[in-house]
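Participant: Have a look at this one before I ask anything.
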Amino acid sequence: MNVIYVLWLRQIKKYLRSRPRIIGSLGQPILFLVAFGFGFGSIYQKAGGGNYIQFLAPGIILMGVLFTAVFTGIEVIWDRQFGFLKETMVAPVSRFEIMLGRTLGGATVASLQGCIVFVLSFLIGFRPHSYYYLPLALLIVFLVALLFTSLGTAIASVLEDMQGFQLIMNFLVMPIFFLSGALYPLHGLPKIMEIIASLDPLAYGVDGLRYALTSMGSYNISLDLLILASITIILLGIGSYLFNKIQV
């Protein structure tokens, strides 16, 4: 447990010390909030959808979580190349504890990023329908962060160069985001799109967070939590197995 805590704390300290990284990673979510929120707001309202910023903000919050969580996996490759991972691996602790500490740290960092985007969304007019559901919202944010940090760690465990990791992540991340319903409602889509969206784990995170913050949702909140928790456990297991196979 001590190693898990140390690695968790190391991830958070690295994040807090890197102010340019924090500011830079907020650029895209803020751009999407402003450009889409105000750009398509009138069209969405005329179509009978209501306030588009209220609809959009939960998806953009998880966008910040998704990008930060997935790309924490690149630190596995970085630490392998510069020797820190080897020093950690030779310690008399299980590799599962090492992987879990790194993953929890990455998930915490991604959750903090999501919380910052949530606070900034107030500046453009977003308001949650009830602060009573904020603990549920935080749970969903952390589950999504843990899920995609595990995915990033799993992929980084089988790669040796950062360029390859970035290419694969960009190939995965953008479809995951755009098919999640973060920018548009999932109901009323062509059948094939509904099927594809139902296979996207982020869709259940966006739907659950949207329900918690705005009381709108396409699925049942219990289903959202069940699927998120199940996929997170599966990816933690896969990530742990692949991390255990790393050759340093």
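Participant: Using only the alpha-carbon atoms of the chain, report the extent along each of the three principal axes, biggest first, to the nearest angstrom.
Facilitator: 61, 38, 35 Å, listed from the longest principal axis down.
Participant: Then there's this: Give a residue-ordered list of calculated ³J(HN,Hα) values for the stretch 152-160 (Karplus: 6.51 cos²θ - 1.76 cosθ + 1.60, θ = phi - 60°; whole Hz; x for Gly, Pro).
Facilitator: x, 5, 4, 5, 5, 5, 10, 10, 10
Participant: Still on this structure, I have one more. So if each residue of separation counts as 0.36 nm, and I subtract the Cα-Cα distance between Leu9 and Ile43, what length gain in nm does that give? Working shown, then result.
Facilitator: Values: separation 34, 0.36 × 34 = 12.24 nm, distance 4.51 nm.
Value of the extension gain: 7.7 nm.
Participant: Continuing with the same structure: Give me a comma-separated list of calculated 3J(HN,Hα) values for the stretch 23-35, in order, Karplus coefficients 6.51, -1.76, 1.60 applied at θ = phi - 60°, integers in Hz, x for any Gly or Pro.
Facilitator: Each residue's phi maps through the Karplus curve to give 5, x, 6, 8, x, 5, x, 5, 4, 5, 4, 6, 5 Hz.
Participant: If you average the sequence gap of Cα pairs under 8 Å that are 6 or more apart and divide by the length of the chain, what percent do you get for the contact order? Working shown, then result.
Facilitator: Details: 334 pairs, mean separation 66.3, N = 248.
Relative contact order, the chain: 27 percent.
Participant: Run the reach check for Lys14 against aspartates and glutamates, Cα to Cα strictly under 14 Å, same-chain hits fewer than 8 apart removed. What comes back?
Facilitator: Of all the aspartates and glutamates, those that pass the test against Lys14 - Cα under 14 Å, at least 8 places apart if same chain - are Glu75, Asp79.
Participant: Across the stretch 180-191, in residue order, what do the Karplus-derived ³J(HN,Hα) couplings come to in whole Hz, using 6.51 cos²θ - 1.76 cosθ + 1.60 with θ = phi - 60° and x for Gly and Pro?
Facilitator: These are the phi-based 3J(HN,Hα) values: 8, x, 5, 9, 8, x, 7, 7, x, 7, x, 3 Hz.
Participant: Is any residue of the stretch 35-79 close enough, with backbone N under 18 Å, to a label point placed 7 angstrom from the Cα of Cys115 along the Cα-Cβ axis, and if so, which?
Facilitator: The answer is 58, 61-69, whose backbone nitrogens lie closer than 18 Å to the label point.
Participant: Ranked by Cβ crowding within 10 angstrom, fewest neighbours first, how are Val173, Val144, Val3 ordered? Intermediate values should be presented prior to the final figure.
Facilitator: On the way: Val173 21, Val144 29, Val3 16.
Ranking Val173, Val144, Val3 by Cβ neighbours within 10 Å, fewest first, gives Val3, Val173, Val144.
Participant: Now a separate question. With a 10 Å Cβ neighbour count serving as the proxy for reagent exposure, in which order, fewest first, do Phe148, Phe177, Phe96 appear? Let's see the in-between values first.
Facilitator: On the way: Phe148 32, Phe177 20, Phe96 16.
Listed from fewest to most nearby Cβ atoms, that is Phe96, Phe177, Phe148.
Participant: Right, another one. Cα axis of helix 2-17 to longest principal axis of the chain: angle in degrees, 0 to 90, nearest 10?
Facilitator: The helix 2-17 is inclined about 60 degrees to the chain.
Participant: Ranked from highest to lowest mean number of other Cβ atoms within 10 Å per residue, what is the order of the peptides 52-63, 215-226, 104-115? The partial results should precede the final answer.
Facilitator: Numbers: 52-63: 26.2, 215-226: 15.7, 104-115: 24.2.
In descending order of packing, they fall as 52-63, 104-115, 215-226.
Participant: What whole number of Å gives the distance from the Cα centroid of the stretch 97-130 to the Cα centroid of the stretch 175-229?
Facilitator: Distance between centres, Cα-based: 19 Å.
Any read-out appearing in this document is the output of simple, stated calculations on the displayed coordinates, not a laboratory observation. None of these values were measured; they are calculated from a predicted model. All Cβ positions, glycine included, derive from the backbone under ideal geometry; neighbour counts span all protein chains shown.
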